[in-house]
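Note sheet for the following structure.
The values are calculated or read from the model by the stated rules, or taken from the named source; none is laboratory data. Not measured: the values here are computed from a predicted model. Backbone-built Cβ (ideal geometry, glycine too); neighbour counts: all protein chains shown.
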Amino acid sequence: MDDIAGTLGLLQESIRRFVEKEIVPKGNAWEEQGFVPREVLREMGKLGFLGLRYGEEFGGGALDARATALLAEELGRSTFGGFAITVLVHTDMASPHLVNAGSPAQIRKYLPRIVSGELITAVAVTEPDAGSDVKSIRTSAKRDGNDYVLKGAKMFITNGALADIYFVAAKTDPAAGSKGISIFIVEKGMKGFSVGRRLDKMGWRSSDTAELVFDECRVPAENLLGEENRGFYAIMKNFQNERIAIAAMAMGEAAKAIELTLEYVKTRKAFGAPLWDKQAIRQRLSMLSARVEAGRQLVRHAASIDAEGRDCVKEVSMAKAYCAELLNDVVYDCLQFHGGFGYIKESAIERMYRDARVQPIGGGATEVMLEEVAKRL
């Protein structure tokens with residue numbers, strides 16, 4: 001336990017230094033251009049940040065879900081949610097599908113370049129008419145000789161335009177519901193595959209989000225990931241990893257929002273004294289700090305259960321629901337305490353307020369998370 005704690009401590013320091021030096025000064029430019037430059041991801045690959053959970057033989061760190069939580073929390077502290085989610089989709093939402101279900105040949109082909117940042121990944125499940133209800137997807141895949149032919153569209157795909165490799169869910173047996181879904185490795189440039197609209201969002205502005213179109217896209221049969229018609233189970237399995245990342249990211253953002261607000265209220269004067277002298281403000285920030293610490297510990301608890309190989313669906317669902325909603329409470333009050341300055345674009349709190357709103361939606365809506373908890377009570 002001491003060894004892993006020491007490793008995680010050093011990792012945390014390394015990620016925080018990188019974020020403060022390489023991300024914070026440049027993030028505003030990425031917000032304007034709508035995506036994170038590829039060279040930033042390659043630099044993170046060189047530093048070992050993109051393969052924390054993967055085997056050392058592929059350039060990874062051979063760690064567990066506790067590393068996911070740490071990485072996500074530190075990226076959240078950047079104050080740029082779009083940057084954080086760009087990285088986390090690559091590291092903990094898309095590429096795990098390859099490691100969990102890929103053949104040895106598929107893993108050898110793609111994983112070293114994924115860990116290095118040479119190849120960027122995305123996961124394509126959500127559709128215009130199917131979000132958390134995965135079994136309702138309509139994109140189809142039919143076997144035709146040595147290929148599968150994919151037809152359909154995906155929506156709200158993070159890294160949609162940036163990615164090189166997509167893990168795409170499609171119905172191989174439309175009559176079988178959730179038991180008829182398969183996952184395919186689709187490479188950019190495959191015939192019949194195109195990136196549709198780039199979506200203009202309220203928040204996460206530095207995150208590239210797009211629509212994907214599969215117009216009789218021919219995918220080699222060897223690019224089937226895992227077993228045919230077993231894709232739903234792979235998606236459900238990786239949801240826990242994804243939700244740990246989003247919950248931890250939320251707590252990093254919330255903690256940083258409180259830090260920024262503390263700095264502001266201790267220097268901003270009103271009625272002859274700093275705002276910090278107002279009891280109501282001090283006490284509200286104190287309670288928010290307590291709740292954020294509770295949320296952080298809940299995430300770490302869920303990650304520890306996952307690291308032990310035990311069922312963590314209840315705890316992860318609790319963490320995702322609690323932390324996403326808490327983040328919105330935090331940034332609401334932090335913006336309020338910033339007054340008019342919190343409402344203008346040059347304020348980090350203004351951006352964080354906009355970014356936070358999607359987190360009770362993405363990766364499983366709060367209502368869906370609470371139903372997962374309710375099933376296990």
- Message: I'd like to know if the range 134-142 contains one or more residues that are out of contact with any Leu (no Cβ under 7 Å at 6 or more places or on another chain), farther than 22 Å from G363 by Cβ and in a helix (DSSP H, G or I).
- Response: no
- Note on the structure: The one condition R291 fails out of (1) more than 19 Å from the chain's Cα centre (by Cα); (2) without any contact (Cβ under 8 Å) to a residue 12 or more places away in the chain is (2)
- Among the residues of the range 9-49, write down those that are more than 20 Å from the chain's Cα centre (by Cα) and aliphatic (A, V, I, L, M). L10, A29
- Query: When you look at A234, is it at pLDDT 95 or above, crowded, with 19+ Cβ neighbours inside 10 Å and not aromatic (F, W, Y), yes or no?
  - Reply: no
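Of P104, P25, which residue is within 25 Å of Y166 (Cβ to Cβ) and free of Cβ contacts under 8 Å to residues at least 40 places away in the same chain? Write out each step before concluding.
Details: P25 fails: within 25 Å of Y166 (Cβ to Cβ).
The match here is P104.
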- Do we have V125 as surrounded by 18 or more Cβ atoms within 10 Å (Cβ to Cβ), touching a residue at least 60 places away in the same chain (Cβ under 8 Å), under 30 Å from G59 (Cβ atoms) and among the aliphatic types (A, V, I, L, M) here? yes
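Within the range 267-279, is there a residue that is in the same structural domain as E350 (by TED's automatic domain parsing), touching a His at 6+ places or on another chain (Cβ under 7 Å) and either among the small types (G, A, S) or part of a helix (DSSP H, G or I) (or both)? Steps first, answer last, please.
Step one: of the range 267-279, the residues in the same structural domain as E350 (by TED's automatic domain parsing) are 267-279.
Remaining after also requiring touching a His at 6+ places or on another chain (Cβ under 7 Å): none.
No, every residue in the range 267-279 fails to be in the same structural domain as E350 (by TED's automatic domain parsing), touching a His at 6+ places or on another chain (Cβ under 7 Å) and either among the small types (G, A, S) or part of a helix (DSSP H, G or I) (or both).
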- Looking only at the range 103-118, decide whether some residue is buried (at least 20 other Cβ atoms within 10 Å of the Cβ) and touching a Lys or Arg at 6+ places or on another chain (Cβ under 7 Å). yes
- Which one is modelled with the highest pLDDT, of the residues in the range 329-349 that are surrounded by fewer than 18 Cβ atoms within 10 Å (Cβ to Cβ) and farther than 21 Å from A270 by Cα? D329
- Item | Check on R218, free of Cβ contacts under 8 Å to residues at least 40 places away in the same chain and either surrounded by fewer than 23 Cβ atoms within 10 Å (Cβ to Cβ) or touching a Gly at 6+ places or on another chain (Cβ under 6 Å) (or both) | no
- Which one of these does S78 not meet: (1) of a type in the set (S, T, Y); (2) touching a strand residue (DSSP E or B) at 6+ places or on another chain (Cβ under 6 Å); (3) not in a helix (DSSP H, G or I)? (2)
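Is it the case that the range 178-200 has a residue that's among the small types (G, A, S), in a loop (DSSP other than H, G, I, E, B) and touching a strand residue (DSSP E or B) at 6+ places or on another chain (Cβ under 9 Å)?
Kept after step one, since they are among the small types (G, A, S), are these residues of the range 178-200: 178, 180, 182, 189, 192, 194, 196.
Cutting the leftovers down to in a loop (DSSP other than H, G, I, E, B) gives us 189, 192.
Then keep just the ones that are touching a strand residue (DSSP E or B) at 6+ places or on another chain (Cβ under 9 Å); that gives 192.
So far as the range 178-200 goes, yes, one or more of its residues are among the small types (G, A, S), in a loop (DSSP other than H, G, I, E, B) and touching a strand residue (DSSP E or B) at 6+ places or on another chain (Cβ under 9 Å).
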- All but one of (1) farther than 19 Å from V358 by Cβ; (2) touching an Asp or Glu at 6+ places or on another chain (Cβ under 7 Å); (3) surrounded by fewer than 21 Cβ atoms within 10 Å (Cβ to Cβ) hold for A65, so report the exception by its number. (3)
